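Data block below; observations after.
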Amino acid sequence: MIFHKSAFVFLSCISFTFETQTSKANSAMSKRKSRESHMTVGQCVSQAQKVLRQRFCHQEISTPPVGLESQHKHLLELLRRTAVHGESNSVLIVGPRGSGKTMLLNYVLKELLQEKDVKSNIMLVRLNGLLQTDDRIALKEITRQLNLENVVGDKVFGSFAENLGFLLEALKKGDRSSSRPVIFVLDEFDLFAHHKNQTLLYNLLDVSQSAQAPVAVVGLTCRLDVLELLEKRVKSRFSHRQIHLLSSMGFSQYLEMVRSQLSVPLDFPDSKFSDEWNASVKKLCEDKSVEEVLRKHFNSSKDFRSLHLLLLLALGRVTVSNPVIRPVDLLEAGRWSSVDSKANILHGVSILELCLIIAMKHLNDIYEGEPFNFQMVHNEFKKFISRKSHTIHNFEKPVVIKAFEHLQQLELIRPVEASSAKIQKDYQLMKLMLDHTQVLEAVQRYPQCPTDVRQWATSAFA
């Protein structure tokens with residue numbers, strides 16, 4: 001009996017040891033397989049495009065903005081005081097369009113929300129002066145973003161201040177001792193100054209100045225004189241803190257920005273693909289032809305939006321057969337981004353419409369840019385037909401009028417003043433929306449353009 005028991009124990013131990021070793025071997029094999037299994041090239045390309053498109057379209061960046069270190073530090077410190085210490089603040093971020101105001105703010109908010117105590121506590125309200133055109137619409141949007149529609153219900157408030165006060169009161173914690181911090185982001189801040197009595201700005205800045213609730217008001221504007229638009233009572237409640245984004249970025253920093261914007265993050269699902277992609281991006285930025293395109297772009301505009309558009313066009317040319325951005329892709333993107341849209345429209349007009357445009361340009365040269373009417377253009381065109389042209393058909397006047405109206409629909413010409421019932425269409429003054437070079441280039445590139453029309457165009461500029 002003792003022998004049987006000891007044999008059973010011995011066999012159990014062998015079985016347990018074998019099972020343990022098998023499970024370890026299986027787990028090791030599964031780990032090795034997971035390390036070896038990569039995404040397909042198509043999946044990698046699709047994921048990389050998704051990540052970069054989100055970055056370009058939503059003005060998001062993965063690294064601190066280049067050349068804006070002091071502004072970044074200042075804004076982060078201000079918003080941290082509100083989010084962590086419950087201190088109310090107000091600040092204006094001022095800079096030209098495309099200078100990186102939204103990008104800087106988004107990066108600071110992203111950084112702030114990664115802090116443990118902040119994410120679950122802070123609330124963010126975004127308003128835009130182009131969308132919230134009056135205080136009533138703005139208040140409804142604030143209520144929606146704070147998820148307080150059910151709390152407000154059918155309540156009727158006597159004033160804007162009373163309504164806003166109720167919303168902030170509703171955000172207080174259970175013990176009623178402290179309120180959740182709220183960051184109000186006012187894009188196109190200067191447009192809110194045109195609201196009646198500036199009620200929204202007054203109440204938000206009044207709350208941020210008083211100790212009612214921890215509130216930060218962040219305004220984004222491209223107007224340097226924005227403070228002059230504020231009423232005295234509003235201005236007195238503003239902290240007068242301003243962060244200016246006036247780009248002092250050099251080309252080397254710009255090139256570094258391009259490299260960081262095109263690089264995929266370190267946590268990309270396929271490490272092998274991300275390493276190859278980032279290495280190709282580094283090599284791309286060192287290419288002389290690419291550097292030339294980027295320098296041309298840098299000299300014309302340091303605008304982040306136009307840079308993102310350029311990179312987006314290059315990214316669209318990445319495919320499974322070409323899984324990285326090549327120099328030729330960026331060169332093509334540079335060509336497309338600098339294309340003149342009006343010159344493109346001109347390539348699709350009829351020969352009659354092109355002749356009318358040449359006649360208008362000729363009139364501009366004769367009368368030094370003074371407005372013209374249809375009758376003047378028609379007379380100029382008839383002169384060309386009778387004297388010089390043997391290839392252009394002598395169109396009837398109604399056909400010429402139709403062509404003239406089509407040019408107006410294409411917005412290549414526009415009336416100087418609003419049309420009046422008293423003025424006949426033939427005599428309404430118009431202005432050509434094209435310059436000398438655009439017309440000349442259109443004539444040169446027009447497919448199968450008659451020689452006499454080309455000569456007439458050239459003589460018109462002589």
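How far apart, in nm, are two points set 7 Å out from the Cα along the Cα-to-Cβ line at N322 and at D452?
Between N322 and D452, the simple spin-label model gives 4.5 nm.
Per residue, how much accessible area does the chain show when a 1.4 Å probe rolls over the protein heavy atoms, in square angstrom?
Details: 25760 Å² over 462 residues.
Here the residues of the chain average 56 Å² of exposed surface.
Carbon and sulfur atoms: what percent of the 1.4 Å accessible area of the chain do they account for?
Numbers: 13870 of 25760 Å².
After summing per-atom areas, the C and S share lands at 54 percent.
Evaluate the relative contact order of the chain (contact order divided by residue number), counting alpha-carbon pairs under 8 angstrom at least 6 apart; express in whole percent.
Values: 518 pairs, mean separation 72.9, N = 462.
It comes to 16 percent, rounded to a whole number.
Please find the FRET efficiency linking S350 to M433, where r is the Cβ-Cβ separation and R0 is fixed at 22 Å, and quote it to the nearest 0.05.
On the way: r = 18 Å, r/R0 = 0.82.
Efficiency, from the Cβ-Cβ distance: 0.75.
Once label points are set 7 Å from the Cα along Cα→Cβ at both A161 and R241, what is their separation, rounded to one decimal in nm?
Simple spin-label model gives 2.4 nm for this pair.
Of the cross-linked pairs K110/K302; K50/K283; K101/K283; K50/K119; K342/K425, which ones have a Cα-Cα span greater than 27 Å in the structure shown?
Details: K110/K302 24 Å; K50/K283 22 Å; K101/K283 30 Å; K50/K119 25 Å; K342/K425 24 Å.
Table pairs above 27 Å Cα-Cα are K101/K283.
Only helical DSSP H runs with n ≥ 4 go in: add -39500 (n - 2.57) per run for the chain, normalise by residue count and round the 222 nm mean residue ellipticity to 500 deg cm²/dmol.
On the way: 22 runs with 264 residues, N = 462.
The helix-only estimate for the chain comes to -17500 deg cm²/dmol at 222 nm.
Relative contact order for the stretch 316-462: what is it in percent, counting Cα pairs under 8 Å that are at least 6 residues apart? Present the calculation step by step, with values, prior to reporting the outcome.
On the way: 119 pairs, mean separation 45.5, N = 147.
Computed over the stretch 316-462, the figure is 31 percent.
In nm, what is the difference between 0.36 nm times the number of residues separating L148 and I401 and their Cα-Cα distance?
Details: separation 253, 0.36 × 253 = 91.08 nm, distance 5.88 nm.
Computed gain between L148 and I401 is 85.2 nm.
Could you rank the peptides 222-229, 75-82 by their average count of other C-beta atoms within 10 Å per residue, with the highest value first?
Working: 222-229: 14.4, 75-82: 18.9.
Packing proxy ranking, top to bottom: 75-82, 222-229.
Go through (1) 24.8, 75; (2) 23.0, 78; (3) 32.9, 129 and flag the label whose value is the computed Rg and Dmax of the Cα atoms in Å for this structure.
Answer by label: (3).
State the extension gain, in nm to one decimal, for the chain segment bounded by K383 and K288, taking 0.36 nm per residue of separation less the distance between their alpha-carbons. Present the calculation step by step, with values, prior to reporting the outcome.
Details: separation 95, 0.36 × 95 = 34.20 nm, distance 5.19 nm.
Separation in residues times 0.36 nm, less the Cα-Cα distance, equals 29.0 nm.
The values are calculated or read from the model by the stated rules, or taken from the named source; none is laboratory data. As the structure is a prediction and not an experimental result, all values here were calculated from the model. Neighbour counts are summed over all protein chains in view; Cβ atoms, including those assigned to glycine, are modelled from backbone coordinates with ideal geometry. SASA here: full protein model, heavy atoms, side chains in, ligands and nucleic acids out. Shrake-Rupley method; radii C 1.70, N 1.55, O 1.52, S 1.80 Å.
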